[in-house]
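So the structure is just underneath, and the comments pick up after that.
The values are calculated or read from the model by the stated rules, or taken from the named source; none is laboratory data. The shown structure was predicted, so the numbers you read here are calculated from the model rather than taken from an experiment. Every residue, glycine among them, receives a Cβ derived from its backbone with ideal geometry; neighbour counts consider all protein chains shown. With ligands, DNA and RNA removed, areas are computed over all heavy atoms of the protein, side chains included. Shrake-Rupley method; radii C 1.70, N 1.55, O 1.52, S 1.80 Å.
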Amino acid sequence: MKSKRILATLLAAVLAFPAAACTKKNDNSSSSSSGGTNAKQTEVDIFQFKVEISDALQKAAQTYMDANPGIKINIDTVGGGDDYGAALKAKMQSGTKPDIFNIGGPQDLRDWDGRLEDLSDQPWVANAVEGTLLAVSENGKVYGLPYAIEGYGLIYNRAIFETAGISTDGLNTFDGIEVAMKSLKAKIDDGSLKEKYPALEAVFELPAKETWVTGLHTLNLALTNEFEGPIDAFEAGTVEFTHADALKSLIDLQAAYTKNAGDLGKLNAVDYATQVGSGLATERVAMIQQGNWIYGEVATVDEDVARNLDMLPLPLKGVVEDSIPVGVPMYWCINNESSAPEKEAAKDFLNWLYQSEEGKRIIVEEFGFIPAFTNYEDLTPSDSLGRAVKRYADAGKTMPWVFMGFPTAWGQEVFGANLQKYFAGEMTWEDLLADARTKWEEARKDVTGGGSSSAAESSGSASSGTSSAA
């Protein structure tokens with residue numbers, strides 16, 4: 001589709017680099033602090049979703065505060081198994097409303113209408129990668145700064161495959177990946193890899209408990225080939241599931257190579273930590289569906305394993321088999337109900353973080369982000385998975401994230417939850433699809449039928465679904 005080709009070209013271009021009315025707010029235990037209390041300080045409260053950068057963000061805030069003693073930044077991170085959208089709603093209804101918070105796209109833009117500061121005049125807007133601001137733009141105004149560019153696919157331990165004598169070079173089809181998985185399973189089953197990889201027990205791990213993985217990321221693969229992009233999905237009154245058979249094949253393939261292949265209902269107890277921290281990172285499994293954001297967590301467990309990670313495409317059989325979904329996980333927004341000094345300080349911090357030379361270094365080297373801005377010429381992804389996403393972008397082998405345009409909570413609470421019933425043998429695939437179609441239409445009545453909803457009535461749309469969905 002034309003929009004996908006444009007996105008791929010733009011991402012390839014930006015990634016082809018050389019080699020806060022009064023002082024306010026009660027402190028909380030997760031706050032960054034520059035030292036003693038200063039009555040003249042302007043406080044900026046940040047409520048953010050990405051647990052992977054929590055420590056690095058605290059450190060960055062401290063660096064900023066050291067240079068700006070009149071500003072105090074408090075950071076609250078809500079992620080992991082928590083629902084950031086619901087948590088944000090509760091936060092906004094509390095007495096301590098954040099000055100900086102996150103939204104994920106068209107649904108959130110609508111849900112939080114009236115609460116978002118217009119950021120169109122900010123310096124970073126001119127440097128944003130073309131297309132990355134569409135999901136947070138309306139009536140010519142920009143309301144969000146993109147976190148980063150992220151991509152996800154089939155992340156695997158290259159060393160394990162090499163030890164098993166299985167080449168992954170040029171592996172870019174559904175059938176080819178299935179053959180490789182089958183070959184590796186045979187090696188695991190016959191014990192020939194036991195000496196070098198004593199913990200290795202299965203090819204794959206599927207965290208069905210994490211409905212953001214299945215109901216956002218996996219499902220996206222089918223719907224990104226049904227809709228042009230997140231805006232198209234957001235405006236659609238119906239969903240057809242034109243690639244339902246190929247989607248089922250991908251899900252069944254992943255499930256078939258887990259240790260729970262004989263009892264799929266047990267997949268519903270597998271969470272993100274089991275998949276990543278005690279799965280891929282410990283070499284208990286050789287492959288998972290995840291994104292470049294997991295690199296730091298794996299490296300914390302075992303740096304050698306992290307360095308051996310690479311990414312295969314996420315193949316939708318017979319539709320597109322050689323590409324990965326790439327997009328913006330979340331956007332930084334500013335609360336337009338904050339005081340003028342708070343908003344000014346919030347804008348200054350975000351500009352410093354994403355556009356100063358020190359900030360840009362932090363974004364790439366400490367956050368591990370692939371920047372969504374064109375003026376990072378001398379900085380390139382330093383980790384194996386960041387480089388893998390860059391490789392796909394350079395080749396134009398990317399697809400957009402349309403899950404940002406799904407009805408609020410639909411992907412997780414409908415498709416993801418029903419997929420758990422499918423694994424448990426409590427729902428057929430056909431019934432799963434039928435229910436998902438019906439629930440989409442019901443949710444879209446507000447959009448297509450002229451109804452209304454507000455942030456006070458909505459839990460917010462799901463985020464990128466990293467471990468912070470994340």
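Could you tell me which GluC sites (Glu not before Pro) in the range 393-446 are loop residues by DSSP with no more than 10 other beta carbons within 10 angstrom of their beta carbon?
In loop regions of the range 393-446 (DSSP not H, G, I, E or B), there are no sparsely surrounded GluC sites (Glu not before Pro).
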Hey, with R₀ at 51 Å, roughly what FRET efficiency would residue 240 and residue 67 work out to, going by the Cβ-Cβ distance, to 0.05? 0.45
Scan around residue 290 for amide H atoms under 5 Å from its own, H built in the peptide plane at 1.01 Å from N, and keep only partners 5 or more places away or cross-chain. 153, 155
Using a Förster radius of 25 Å, what is the FRET efficiency between residue 337 and residue 374 based on their Cβ-Cβ separation? Nearest 0.05, please. 0.20
Rounded Å value of the spacing that divides the Cα centres of the range 260-300 and the range 355-369: 28 Å
Tally the DSSP beta bridges in the chain and give the antiparallel ones as a percent, rounded to 5. 60 percent
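Could you pull out the pairs from 360/397; 50/347; 89/390; 72/209; 89/259; 187/266 whose alpha carbons sit more than 31 Å apart here?
In this structure, 89/390; 72/209; 89/259 lie more than 31 Å apart at Cα.
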When the chain is fully extended, how far beyond the present Cα-Cα distance does residue 438 get from residue 274, taking 0.36 nm per residue of separation? 55.8 nm
Simple SL model, points at 7 angstrom along Cα→Cβ for residue 113 and residue 125; separation in nm is 2.0 nm
Want the number for residue 139 to residue 196: 0.36 nm per residue separation, take away the alpha-carbon distance, what's left? 14.7 nm
How much of residue 307 can a 1.4 Å solvent probe reach, expressed as accessible area in Å² and rounded to 10? 130 Å²
For the range 183-289, what does the relative contact order come out to in percent, with C-alpha contacts under 8 Å and a separation of six or more? 45 percent
Any GluC sites (Glu not before Pro) in the range 338-379 that lie in a DSSP loop and have at most 12 other Cβ atoms within 10 Å would be 377
Accessible area per residue for the range 61-142 in Å², computed with a 1.4 Å probe and the full protein assembly in place, what is it? 39 Å²
Could you work out how far apart the two model spin labels at residue 175 and residue 263 are, taking each label as a point 7 Å from the Cα in the direction of the beta carbon, and quote it in nm? 3.6 nm
Tally up the carbon and sulfur contribution to the accessible surface of the chain as a whole percent, 1.4 Å probe, everything protein left in place. 48 percent
Can you list the residues, at least 5 places off or on another chain, whose amide H is less than 5 Å from the amide H of residue 270, using H built in the peptide plane? 208, 209
